[in-house]
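Everything below concerns the one structure shown next.
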């Protein structure tokens, strides 16, 4: 229930954020408009004040609240319907026309990006990420946190027992008692399915040997991760070591931070992508940073909106089909946008779209690394 409320609240916030960035345009006054602007006092000569931009008609009815809310969220004045069809099928034309100054008809790329981010968060808050992946990941992280805590507790007991057994003046009765405690501790670990607690000498030998090399890549990743979590991290950089130690001790908290930061820092995808766009047109005087910014922002906005649409369709019987077509359409959309926005040749657009697909993966990887750094440093 709380997630649904948060999702609805995020959807409303999305519209309000986009509305704050996007200026109104068009429309006619309803009823008798005042002779002067109620905001700045300028004489009116139309539906809007030419000085401050405020609309001439100002509603003071209860119905106006709903009208303003719907207007703020969906921009029903026409911009949304001018923008989305072009963004979906002719993204290059939309990008080029906006760059060249045709902006009153379309939602600005930044406003659309804000709306797409908030809408994505709202949908995921209400229906989840799908496929059981998110729930499974959260459960695995929580289980790993619990297991790590038990391991640390048992290892501390093993260290205490080993320290007692190392005493030269230890009596035979005390030695037998400590050995019995260690045996009981090991039986408890076996019962809980936890790897055997090791002495300091054994842990030092394991660190020196390193993780085993396996043929199965998946098993290799799991084994290497387990090796790192069971041994002291020493990169030589104190704050990195401290962050990694906290991450392995409480992966559930790190996962929560990753999810929260992905929503907060989604804007970082734009500056991370701009250098890759420059690489597609190096040393070109025809295109500037602003052109690449509009291209990237519209492109990311479309990908987020496509993800939302596919996620909602996954709730129906058409989910698999929607996912399949979306995976095919993403590179085609990149090609269409490159060819239309930059007026490239078919071959040039195809080559750049292929590179852009790989560059997008690199940008996402850098974004995930940024989120991971924020998660373990907090």
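The values are calculated or read from the model by the stated rules, or taken from the named source; none is laboratory data. Since the model is a prediction, treat every value here as computed from it, not as a measurement. For neighbour counting, all protein chains shown are included, and Cβ atoms are generated from backbone atoms with ideal geometry for every residue, glycine included.
For region 71-99: of the residues being assigned to a loop (DSSP other than H, G, I, E, B) and over 12 Å from residue 341 (Cβ atoms), which is modelled with the lowest pLDDT? Per the stated criteria, the residue is 76. Of everything listed in (1) closer than 26 Å to residue 119 by Cβ; (2) at pLDDT below 80, the single unmet condition for residue 58 is (1). Does residue 49 meet the test of being modelled with pLDDT of 85 or more and surrounded by 15 or more Cβ atoms within 10 Å (Cβ to Cβ)? Spelling it out, residue 49 is indeed modelled with pLDDT of 85 or more and surrounded by 15 or more Cβ atoms within 10 Å (Cβ to Cβ). Filter region 278-302 for residues that are surrounded by 17 or more Cβ atoms within 10 Å (Cβ to Cβ) and free of Cβ contacts under 8 Å to residues at least 40 places away in the same chain; which is nearest to residue 268 (Cα to Cα)? Taking the candidates together, the pick is 296.
Does residue 371 satisfy being at pLDDT below 90, farther than 17 Å from residue 275 by Cα and either over 25 Å from the mean Cα position of the chain (by Cα) or in a helix (DSSP H, G or I) (or both)?
Details: at pLDDT below 90: yes; farther than 17 Å from residue 275 by Cα: yes; either over 25 Å from the mean Cα position of the chain (by Cα) or in a helix (DSSP H, G or I) (or both): yes.
It is true that residue 371 is at pLDDT below 90, farther than 17 Å from residue 275 by Cα and either over 25 Å from the mean Cα position of the chain (by Cα) or in a helix (DSSP H, G or I) (or both).
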